[in-house]
Amino acid sequence: MNTVGLYQQAFSAINTAYDRTLLASAKSIGEQLDVTGYDEQSTLRVTVPYAALEAFEADNQSRLFYRVSSLGGDMVSGFRELPFWRGRIQARPPYAALVDFYDDVYQGEAVRVAVLLQPVASGTGRGMAVIQVAETLELRTTLARKILVDTLWRQALLLAVIALVVVIVVQRATRPVRRLSAELQARPEGDLTPISARDAPRELLPLVEATNEVMGRLQHLLENQKRFVRDTAHQLRTPLAVLKVQVQSALRGDMDAHEALADISQTVDRATLLANQMLALAKVEQLRQQPEQQAIDLAQVVRQVALDVSPLIAEKDIDFSIETQPARVQAHEWMLGELTRNLLHNAIRHTPPGGTLTVRTVCDASHATLSVSDSGPGIAAELAARLYQPFSAGNVHHGSGLGLAICREIVQALDGSIALENRHGHGGVMGLDATVRLPLVQNKTTGGY
């Protein structure tokens, strides 16, 4: 498109320059005119030797033709085959003369024609002559092509310089990117340390930071997976070993069959509880990475879990009370149910037969609060320091030590908090209060609570 436009522009400029020569030729012929008679009865006479036009020929490439006619088209002198002008003069011609320029064909060749309306007056008459001067286009086309080629060579050289500069600049600008790519490819498998790219282009820094953030999350997931596999292997080894000893003892007849089956059943129950809680701990981490959470009514979940564990409450004849207030929090329903179930199981386990257990959900302007209050012995001082660590149960025969660890992971995933405090009275510990605070939906979506 640029080449076509450049060629047309060059040809138009050349036409403007050479049209002046055609006009000069026409004026030169007009000086040779004579007339007798007036207006429509006038008779024009002219004698123009072709040699008179040679002065206006730029070189021997192009040829000039002329025709002098009356205003009505009657031939006076020149080349009869040159078509008579049928156009009209512009309202504002480009020169101070009655002149028109147009393209035509003469003897099968393209020509450029200048038409001059020349008034002619003498002592014996007055009239109007139409002078046409045509020029073939060889010189104009050759010159336009030369201008085009010269310009294209300069543009090609300029494009080559620009391309070279672009290549050099891009190579220099992307050098840190290529070096960073090489460093990442050379990393050993499993290396998720942050990328150090202090010399990277400023536009690349957000991508590096986002990549480091993703790698940090992957590192966290891998560490959790390794810890899960390590802890599972370690914790399941003991009950499986105990189970094997019990089975061997029963096969040898060292103990009564009914008693042996009862011990085996207890060992299987502890192993099942441990496996379920280990899977629950892993599922919390999995759900933490999933943003598809919903607005869940905490009170409804708490009531459903309380109904599920009611047989355990009735078995120990616990005085149980529950008070709930609607509280919508952003969470997975499984998380809220698992959190409530672990807190209630711990409270039921440590509440003595005939004791009291109270569950409440209340709301303030920004948070929903779930409190579980039992009448058990509370938390021992030596256990408080490692309260939320996995496998730190106060009584290994009644728990795996994962319940509170699961609760803490769930609360952290929901941007909440959990606290366990002994309830004092009458000079001693009267029970334990477990308090969980979770942000309400409207506060969490606006980002402040």
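The values are calculated or read from the model by the stated rules, or taken from the named source; none is laboratory data. Predicted model, so just to flag it, every value in this text is computed and none were measured. Here Cβ is always computed from backbone atoms with ideal geometry, including for glycine, and neighbour counts include all displayed protein chains. Surface accessibility is based on the protein's heavy atoms, side chains included, excluding ligands, DNA and RNA. Shrake-Rupley method; radii C 1.70, N 1.55, O 1.52, S 1.80 Å.
Please specify each residue of region 364-377 satisfying the condition of being more than 16 Å from LEU440 (Cβ to Cβ) and buried (at least 18 other Cβ atoms within 10 Å of the Cβ).
Across region 364-377, the qualifying residues are VAL372, SER373, ASP374, SER375, GLY376.
Restricting the search to region 169-194, which residues are within 24 Å of the chain's Cα centre (by Cα), open to solvent by 80 Å² or more (accessible area, probe 1.4 Å) and closer than 21 Å to GLU223 by Cβ?
Result: PRO194, single match.
Would you mention how many residues in region 202-231 are free of Cβ contacts under 8 Å to residues at least 60 places away in the same chain and either open to solvent by less than 100 Å² (accessible area, probe 1.4 Å) or in contact with a Leu (Cβ under 7 Å, 6 or more places away or on another chain) (or both)?
Total meeting the criteria: 18.
Quick one: count up the residues across region 83-93 that are in contact with an Asp or Glu (Cβ under 9 Å, 6 or more places away or on another chain) and in contact (Cβ under 8 Å) with a residue 12 or more places away in the chain.
Of the residues in that region, 5 qualify.
Can you confirm whether ALA197 is open to solvent by less than 50 Å² (accessible area, probe 1.4 Å), at pLDDT below 80 and farther than 30 Å from ARG408 by Cα?
yes
Given the residues ARG20, ARG45, which is the only one that is under 19 Å from ILE131 (Cα atoms), in a helix (DSSP H, G or I) and either modelled with pLDDT of 80 or more or open to solvent by 40 Å² or more (accessible area, probe 1.4 Å) (or both)?
The conditions single out ARG20.
Filter region 95-109 down to the residues that are surrounded by fewer than 18 Cβ atoms within 10 Å (Cβ to Cβ), touching a residue at least 24 places away in the same chain (Cβ under 8 Å) and either in contact with a Pro (Cβ under 8 Å, 6 or more places away or on another chain) or more than 26 Å from VAL35 (Cα to Cα) (or both) and list them by number.
Across region 95-109, the qualifying residues are ASP104, GLN107, GLU109.
Within region 340-363, can one find any residue that is over 21 Å from ALA405 (Cα atoms), open to solvent by 30 Å² or more (accessible area, probe 1.4 Å), at pLDDT below 90 and outside any strand (DSSP E or B)?
Taking every residue of region 340-363 in turn, none turns out to be over 21 Å from ALA405 (Cα atoms), open to solvent by 30 Å² or more (accessible area, probe 1.4 Å), at pLDDT below 90 and outside any strand (DSSP E or B).
Got a sec? Which of LEU440, LEU336, LEU404, LEU432 is buried (at least 16 other Cβ atoms within 10 Å of the Cβ), under 19 Å from VAL305 (Cα atoms) and modelled with pLDDT of 85 or more?
Unique residue meeting the criteria: LEU336.
Could you tell me which of the residues GLY123, GLY78 is out of contact with any Leu (no Cβ under 8 Å at 6 or more places or on another chain), open to solvent by less than 90 Å² (accessible area, probe 1.4 Å) and on the phi > 0 side of the Ramachandran plot?
After applying the criteria, what remains is GLY78.
Can you pull out every residue in region 238-255 that is among the hydrophobic types (A, V, I, L, M, F, W, C), open to solvent by 90 Å² or more (accessible area, probe 1.4 Å) and over 60 Å from the mean Cα position of the chain (by Cα)?
Within region 238-255, just LEU251 meets the criteria.
Can you tell me which residue is least open to solvent (accessible area, probe 1.4 Å) among those in region 143-168 that are among the aliphatic types (A, V, I, L, M) and in contact (Cβ under 8 Å) with a residue 60 or more places away in the chain?
ALA144
Is region 321-344 home to any residue that is over 19 Å from ALA413 (Cβ atoms) and out of contact with any strand residue (DSSP E or B) (no Cβ under 7 Å at 6 or more places or on another chain)?
no
Inspect all residues belonging to region 298-310 and state whether any of them is over 16 Å from GLY416 (Cα atoms), in a helix (DSSP H, G or I), aliphatic (A, V, I, L, M) and open to solvent by 70 Å² or more (accessible area, probe 1.4 Å).
Scanning region 298-310 turns up at least one residue that is over 16 Å from GLY416 (Cα atoms), in a helix (DSSP H, G or I), aliphatic (A, V, I, L, M) and open to solvent by 70 Å² or more (accessible area, probe 1.4 Å).
Per-residue answers, yes or no, for (1) at pLDDT 90 or above; (2) under 27 Å from THR36 (Cβ atoms):
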{"site": "LEU82", "(1), (2)": "yes, yes"}
{"site": "GLY87", "(1), (2)": "no, no"}
{"site": "GLN90", "(1), (2)": "no, no"}
{"site": "PRO93", "(1), (2)": "no, no"}
{"site": "VAL111", "(1), (2)": "yes, no"}
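Which of (1) of a type in the set (Gly, Ala, Ser); (2) touching a Lys or Arg at 6+ places or on another chain (Cβ under 8 Å); (3) without any contact (Cβ under 8 Å) to a residue 24 or more places away in the chain is the odd one out, the single condition ALA134 does not satisfy?
Only one criterion is unmet by ALA134, namely (3).
Among the candidates ALA331, ALA380, single out the residue that is modelled with pLDDT under 90 and either open to solvent by 40 Å² or more (accessible area, probe 1.4 Å) or of a type in the set (Val, Ile, Thr) (or both).
ALA380
List every residue pair whose Cβ atoms sit under 6 Å apart, with the two residues 6 or more apart in sequence or on different chains, where the first one lies in region 69-82 and is within 15 Å of GLU135 (Cβ to Cβ) and aromatic (Phe, Trp, Tyr) and the second, anywhere, is open to solvent by less than 100 Å² (accessible area, probe 1.4 Å) and part of a strand (DSSP E or B).
Filtered contacts from region 69-82: PHE79/PHE65; PHE79/ARG67.
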